[in-house]
1. Set the bar at 22 Å for Cα to Cα. Now go through Lys137/Lys166; Lys137/Lys258; Lys69/Lys137 and name every pair that lies beyond it.
2. Determine the gain in length on full extension of the stretch Thr181-Asp94; use 0.36 nm per residue of separation and subtract their C-alpha separation, reporting nm with one decimal.
3. Rolling a 1.4 Å sphere over the protein heavy atoms, what is the accessible area per residue of region 220-284, to the nearest Å²?
4. Considering amide H positions built from the backbone, and no H for Pro or chain starts, which residues 5 or more places from Ser220, or on another chain, come under 5 Å of its amide H?
5. Ignoring everything but the protein chains, give the 1.4 Å probe accessible area of Ile224 in square angstrom, nearest 10.
6. Using a basic spin-label model with each label point 7 Å from the Cα along Cα→Cβ, how many nm lie between Leu242 and Asp286?
7. If DNA, RNA and ligands are ignored and the probe is 1.4 Å, what is the ranking of Ser220, Ser210 by accessible area, most exposed first?
8. Could you give the radius of gyration (one decimal) and Dmax (whole number) of the Cα atoms in region 186-252, in Å?
Amino acid sequence: MMKRLGSALGMGLAAVALVLPGLGLDGVGAADAPGVQVTTVRYGPFTLPPAGKGGDVDHTNVVLPDAAKPCEDCFITRAEPDLVYDDGTPANLDTGLMLHHALLFNTGVPDTTCGADSFFGRLGERFLASGNERTVKRYPDGYGYHLGRDPVTGVFHIMNHSDVTKTVWFTFKVNWVPASTPGVRAVTPLWLDENNCRDSEYNAPAGPTSQHWTWTSTVSGRIISGGGHVHTGGVRTVLTNLTTGQHICTSWAGYGHKPAYGGEIESMSYCAWDTLGVVHKGDTLDLQTDYNAAEPVPGAMGIMLMALYQTDDLTGSTPAPPDASGAVMPPSAGGSPSRGGASHHGHH
Ligand SMILES: [Cu+2]
């Protein structure tokens, strides 16, 4: 099973994608609501020689066309990512493995913030993603992401910093209901990115910095959930409607609570509420990304993937409490990165 990851962007690999079927009663998800099914979808195997011998596929995106889907004609309501070994145990920095990123594209739907004039835009709608911090995505009750019958494309970047070859899988444990389920409201993913439609990277200088990216909304509705992604040294991402002045979501980075992460970024807090914020077509959304690293962070990222319920009924409901919108720092956040954000591990 010695397989080197391809080095060419856009190269399709023959990695096998498996769906582990129907674990509807395994606890976590089954409690959600009647009819909720839980499917773990597994991508790989990725067999990675040590870094420097092919396992260090830096700046490489492995593209898997026709990647496994957790369900078809369905609404995804929750998705829990992980990177694991053959036996299912987590693969993380304490054993040398790091998930740079995994992204899933729905090829049947154009992306809302990235047009088809770019490589990533042509792949379709970015609807699920994960960095090494492995944030669980979820929508408030009554909302879901609709996945139809179009193929899904996966993009993966995984690194092996250990000195031996390792085989790992990327997994998403997905809660879903059939599309025929009455009353589920379909959400539109909004991908907000300091370097959108490109490689998402920028260089963050040492010390406290704020990077901004703005987007003029092409859609109207209520933002109901979402979270951010930064690299080690990142503090938070903040989404604001500049036109109305409304704070929508702050996603906070956490360090130093989980030994498996070796002091690198281990969590990003997640916002979820029936109305985190209101967006009108033509409004300007501002993505702010804060870093505070002891050394410069090359290839830094600042991304938020939000879920929007498109509607013209913008009257809204109960305002989001501070702990739902990240207006206050949660207990999971804060702490100090072990190496100031400039280490090789910390690159992503
Ligand atoms: Cu990243």
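The values are calculated or read from the model by the stated rules, or taken from the named source; none is laboratory data. Please read these numbers as outputs of a predicted model, since none were measured by experiment. Counting neighbours? That spans all protein chains shown, and the Cβs are built from the backbone with ideal geometry, glycine included. For accessibility, only protein heavy atoms count, side chains too; no ligands or nucleic acids. Shrake-Rupley method; radii C 1.70, N 1.55, O 1.52, S 1.80 Å.
1. Details: Lys137/Lys166 27 Å; Lys137/Lys258 19 Å; Lys69/Lys137 16 Å.
Long pairs (Cα-Cα over 22 Å): Lys137/Lys166.
2. Values: separation 87, 0.36 × 87 = 31.32 nm, distance 4.21 nm.
Gain on stretching Thr181 to Asp94: 27.1 nm.
3. 28 Å²
4. Answer set, sorted by chain and number: Lys281, Thr311.
5. Surface accessible to solvent at Ile224 totals approximately 0 Å².
6. 0.7 nm
7. Details: Ser220 25, Ser210 70 Å².
The ranking, largest first, comes out as Ser210, Ser220.
8. Every Cα atom of region 186-252 included, Rg and Dmax give 13.0, 41 Å.
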